[in-house]
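Working notes, beginning with the structure itself.
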Amino acid sequence: MRRAEDVTFGNSQLDRAAHLRRKADQIATQDDALALAVWRGKLLMDQESCALIHLPLDHPLFNESGLGRAFLGQLDDKPIFAIDISDWEPEGLDPSAMSAFLDPTDNHHAATDANQCFREMRAVLGALTPEDAHLGATARAVFSWHNSHGFCPRCGGKTLFSDAGWQRVCTACNGTHFPRTDAVVIVLALHGNSVLLGRSPGWPDSMYSLLAGFVEPGETIEAAARREVFEESGVRLGRVSYLASQPWPFPASLMFGVKAEAQSTDITIDPEEIENARWVSKEEMVECLAGRDPSLSPARKGSIARFLIEAWMRDDLD
Ligand SMILES: [Zn+2]
């Protein structure tokens with residue numbers, strides 16, 4: 001797909017500069033070093049523009065403690081870090097919001113400007129620059145991994161933050177562990193003029209998206225696409241071809257977007273996996289994308305599902 005890297009999280013100029021990770025402590029003392037702030041998966045951003053806030057590393061906000069300081073790379077030769085302050089306990093925190101499908105609340109810290117807040121990145125994907133999307137996705141995914149890997153999967157010993165955030169080392173067996181990315185296949189399944197969409201329980205009302213699922217060990221992307229779509233909808237797929245990818249740091253996926261020709265159209269859903277599935281024609285999708293169909297709202301802007309659906313509508317999948 002020619003425009004594959006136009007997807008959100010693609011096309012960024014960030015140089016991840018992995019060779020500098022060993023020198024990160026020294027780089028952090030440079031005057032031009034800046035850091036993003038991360039709190040429980042949310043990023044500090046401008047409340048209006050949603051631009052990520054880059055702060056000097058000695059900013060008072062970073063007196064709060066958390067999971068550590070990760071080196072994300074360089075932008076225009078300037079070093080960019082991300083610092084986690086998840087130990088901060090805001091006053092009046094609503095625990096039910098944190099467990100919602102998408103936490104709608106903004107969290108303000110007294111050390112930042114009044115127009116800056118911690119907010120779920122997933123709510124603002126369409127507003128992010130390619131660089132902010134790349135930086136934010138990386139920071140979110142890396143700290144999410146640290147948060148759930150405090151103990152060694154080999155021996156159960158305590159692990160410590162290492163290599164500027166790109167490793168954890170076991171204090172008992174000295175084993176090293178690296179941030180994981182889980183492969184997910186997401187399928188633009190087509191039949192004639194229609195695309196197959198489904199919805200999971202718990203999604204916002206009437207939201208439908210492309211069918212997707214984790215690639216299992218030992219499986220190709222193509223086989224996973226055929227298996228997932230058949231399991232969830234009963235639809236058989238023929239030829240499967242790759243279109244584009246997107247990191248999806250909620251918490252740790254890499255989405256492989258593929259196109260597939262459906263060989264059958266009858267739908268039998270697996271209620272364990274999805275709530276409903278349906279074929280949607282291009283004409284119906286025009287109404288859906290325009291917000292004129294109350295029974296069908298589209299995948300969120302910025303998601304690869306939305307990107308692929310819009311490319312299909314434009315006949316721009318090559
Ligand atoms: Zn160990």
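The values are calculated or read from the model by the stated rules, or taken from the named source; none is laboratory data. Predicted model, so just to flag it, every value in this text is computed and none were measured. Cβ placement follows ideal geometry from the backbone for every residue including glycine, while neighbour counts extend to all protein chains displayed. To get the accessible areas, we keep the full protein, side chains included, count just its heavy atoms, and leave off ligands, DNA and RNA. Shrake-Rupley method; radii C 1.70, N 1.55, O 1.52, S 1.80 Å.
Among the protein heavy atoms of the chain, carbon and sulfur supply 49% of the accessible surface, probe 1.4 Å, non-protein parts ignored. Rounded, prolate or oblate: which one fits the chain, using the alpha carbon gyration tensor with axes a ≥ b ≥ c (rounded when a/c is under 1.5, else prolate when a/b beats b/c, else oblate)? Note, shape of the chain comes out prolate. Multiplying the residue separation of R236 and E5 by 0.36 nm and removing their Cα-Cα distance gives an extension gain of 80.3 nm. Length gained on full extension, V169 to T129, computed as 0.36 nm times the residue gap minus the Cα-Cα distance: 11.0 nm.
Over all other residues within a Cβ to Cβ distance under 13 Å of W39, the charged ones net out to -3, with Lys and Arg as +1 and Asp and Glu as -1. Between 0 and 90 degrees, the angle of helix 304-313 with respect to the longest Cα principal axis of the chain falls at about 40 degrees. Taking Cβ atoms as reference points and 10 Å as the exclusive limit, the residues near P130 contribute a net charge of -4, counting Lys and Arg as +1 and Asp and Glu as -1.
The residues of the chain expose on average 48 square angstrom of accessible surface per residue, using a 1.4 Å probe on protein heavy atoms. Highest mobility in the GNM of the chain, judged by mean-square fluctuation with C-alpha springs under 10 Å and restricted to A37, A18, A224, is found for A18. Extension gain, H108 to L34: 0.36 nm times the residue separation minus the Cα-Cα distance gives 24.6 nm. Do any of K23/K78; K259/K282; K78/K301; K42/K259 go past 21 Å between their Cα atoms, and which? Among K23/K78; K259/K282; K78/K301; K42/K259, the Cα-Cα distance tops 21 Å for K78/K301; K42/K259. The distance linking the stretch 157-192 with the stretch 49-92 is 21 Å (Cα centroid to Cα centroid, whole angstrom).
The modelled label-to-label distance between R292 and L254, using points 7 Å beyond Cα along the C-beta direction, is 4.1 nm.
DSSP finds beta bridges in the chain, and of those with both partners inside it, around 75 percent are antiparallel. Could you work out how far helix 221-233 tilts from the main Cα principal axis of the chain, as a 0 to 90 degree angle to the nearest 10? Helix 221-233 sits at roughly 60 degrees to that axis. Separation of the stretch 252-318 and the stretch 1-34, taken as the distance between their Cα centroids, equals 32 angstrom.
Within the shell of other residues whose beta carbon sits under 15 angstrom from the beta carbon of W279, the net charge comes to -3, with Lys and Arg scored +1 and Asp and Glu -1.
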